[in-house]
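The structure under discussion appears below in the form of structure tokens.
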Amino acid sequence: MTDSPRLRQIQEWLAESPQDPELLYAQAMEFRSLGDDDRTATALLDLVARKPEYVASYLMLAQTLVKLIRDDEAKDVLRKGIAAATKAGNDHAASELQGMLASVE
């Protein structure tokens, strides 16, 4: 899979700010736009491990895992995401994650 100019730019920014959750998320979304589900999942798994409070990552990760036919992992991610969203007071995200969990179970 080839990289894009946008991915290269994001990676340059990440070299300067390797813990920035928005840049890590942008990198994962660029992998997704390139059609690379494995790299998307790996990047999002890394983001969730580094920044579990970054709620936006859970839904995208779960969707990617379902696409990769890794449903059990997706369910676990969704449960953790619901907990993170609830802790953050993000009822909308918690509801979205709960809805996806119901559709995967």
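Between 0 and 90 degrees, the angle of helix 56-67 with respect to the longest Cα principal axis of the chain falls at about 90 degrees. For percent of Cα pairs over 23 Å apart, the value computed from the atomic coordinates appears in the list [x] 16; [y] 21; [z] 25 under label [z].
For the chain, take the longest principal axis of its alpha carbons; what is the angle in degrees between that and the long axis of helix 21-33, to the nearest 10 within 0 to 90? Computed tilt is about 80 degrees. With n ≥ 4 as the cut-off for DSSP H runs, can you work out [θ] at 222 nm for the chain, using -39500 (n - 2.57) per run divided by the number of residues, rounded to the nearest 500? About -25500 deg cm²/dmol. At full extension, residue 14 and residue 80 could sit 21.2 nm farther apart than now, given 0.36 nm per residue minus the alpha carbon distance.
Multiplying the residue separation of residue 6 and residue 90 by 0.36 nm and subtracting their alpha-carbon distance yields 27.3 nm.
Taken together, the values in this text are just the output of simple stated rules run on the coordinates, not laboratory data. Bear in mind that the values here come from a model prediction, so they are computed numbers and not experimental data.
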